[in-house]
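What follows is a short report on a single structure.
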Amino acid sequence: MTQKKHKKILITGTAGFIGYHLAESLLKDGYSVVGVDNFTPYYDVRMKEARHAMLQKNKNFHFYKISIAEYAALEKVVKKEKPDVIVNLAAQAGVRFSLKNPWSYADSNYLGTLNVFEVAQKHNIKRVLFASSSSVYGDNKKMPFSETDATDHPMSVYAASKKGNETLAYAYHSLYGIETAGMRFFTVYGRYGRPDLALFKFTKNIIAGKTIDVYNHGKMKRSFTHINDVVRGVRALIEKEKLTYEVYNLGGDEATSLLGFIKMIEKRIGKKAVMNLMPIQAGDVPATIADTTKAKRDLGYQPKVSMKEGIADFVDWFLEHKAWLLKLKEPMQ
């Protein structure tokens, strides 16, 4: 498929971190973007409003404030806008939040995704891409994680909801021939990132002189993935000539320990962190490391932003905007 064929993209979750950056990238290249979001207050909505305000400046961005859990509202948008592709990024995020609030994952992550696929098949939308997660690999001991590895032992309700999305997508591909791909994201970071994620929390608290909670005594390892690399991967799937049903790891090439990650932040800020070393939390896994061989082969995916560059860019952005970023409320627990 070519850019000329796919010119109107419906993105769910455009006020979210990945949705915002994807929409911004597509708009810059002349796409028409239809955005939907319901501004869930899981974290301070001022961050979502800031992202949304930037997208609203583009005349090719058309926005609808709805929840994808409401089928009739979603169908109304799809019937009116007739998108070529749907990219479903709207979801209730957070592994730890899912331990106390499992019901919100059923609505946002499973029912919402079901609605997206159902409206797609009903209105003849041939391609649906959706956010999965590295969490589907659970406590898999084999590293790095490959798409052929078992994903039937999720460690959290969040992970289970993402695995459910993948099986749902396969069913809709089998039944209706919808071209679909699940994007297994690995610890995405960057400007306008989620306030509940490590880079944002650590940077904010180090600058403010507050203690940071470091789980598993800092021994966790992650394939941190810069948002620009993630956007390139998603765009490759939007623009791919042919697609059946696939899942792809979209992760960084550098696996870094949490303590190493903190040292990079400290160095850029020029200030030492005050750390509260804690045991691993329920639902967390000690390591998520991506094997991106398949994405490189099929999509030409190649992470370009190094950890050093990405963290420096984020910290510089945070310092530039710290007047309002430091005032953001703590995410819901």
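Annotations
- Relative contact order for the chain: 19 percent, from Cα pairs under 8 Å spaced at least 6 residues apart, divided by residue count.
- Extended-chain gain in nm, criterion 0.36 nm per residue less alpha-carbon gap, residue 170 and residue 146: 6.8 nm
- Relative pair counts by distance (%), Cα atoms of the stretch 1-112, 5 Å bins: 2, 12, 23, 23, 19, 12, 6, 3, 0, 0
- Ranked packing of 126-133, 176-183, most packed first, by mean Cβ within 10 Å: 126-133, 176-183
- Principal-axis analysis of the Cα atoms of the chain puts helix 258-269 at an angle of about 80° to the longest axis.
- Against the main long axis of the alpha-carbon atoms of the chain, helix 157-176 sits at an angle near 20°.
- Cα→Cβ-extended label distance, 7 Å offset, between residue 319 and residue 205, nm: 2.1 nm
- Judged by the mean number of other Cβ atoms found within 10 Å, the most tightly packed of the peptides 257-268, 206-217, 81-92 leads the ranking 81-92, 257-268, 206-217.
- The residues packed around residue 305, meaning those with a beta-carbon under 11 Å from its beta-carbon, carry a net charge of -2 if Lys and Arg are +1 and Asp and Glu are -1.
- Distance from the Cα centroid of the stretch 181-235 to that of the stretch 240-308 is 8 Å (rounded to whole angstrom).
- Relative contact order of the stretch 184-268, defined on C-alpha pairs under 8 angstrom at six or more residues apart (%): 44 percent
- Cα-centre dipole for the chain with unit charges at Cβ (Lys and Arg positive, Asp and Glu negative), debye to 20: 760 debye
- Relative protection proxy for 314-322, 188-196, from highest mean packing down: 188-196, 314-322 (other beta-carbon atoms within 10 angstrom).
- Above-threshold pairs, the threshold being 32 Å between Cα atoms, out of 8/329; 163/327; 57/329; 82/304; 8/304: 8/329; 163/327; 82/304
- For residue 240, a cut-off of 20 angstrom between C-alpha atoms picks up these aspartates and glutamates, skipping any fewer than 8 places away in its own chain: 24, 29, 84, 147, 166, 179, 229, 298.
- Counting only DSSP beta bridges with both residues in the chain, the antiparallel share comes to about 5 percent.
- Cα lying deepest toward the dipole's positive end in the chain, options 58, 264, 176, charges on Cβ: 58
- Label assignment, percent of Cα pairs over 31 Å apart derived from the structure, set (1) 32; (2) 27; (3) 49: (2)
- Neighbours of residue 318, meaning other residues whose beta-carbon lies under 12 angstrom from its beta-carbon, give a summed charge of +2 when Lys and Arg score +1 and Asp and Glu score -1.
- Degrees between helix 227-239 axis and first principal axis of the chain (Cα, 0 to 90, nearest 10): 10 degrees
- Net charge, residue 163 excluded, C-beta distance under 11 Å - Lys, Arg +1, Asp, Glu -1: 0
- Dividing the radius of gyration of the alpha carbons in the stretch 76-201 by their Kirkwood radius gives 0.98 for Rg/Rh.
- Approximating the spin labels as points 7 Å out from Cα along Cα→Cβ, the residue 8-to-residue 242 distance works out to 2.8 nm.
Since every read-out is calculated from the coordinates, none of them should be taken as a lab result. It should be emphasised that the depicted structure is a prediction, and the values quoted were computed from it without experimental measurement. Cβ coordinates were reconstructed from backbone atoms using ideal geometry, including for glycine residues, and neighbour counts include every protein chain displayed.
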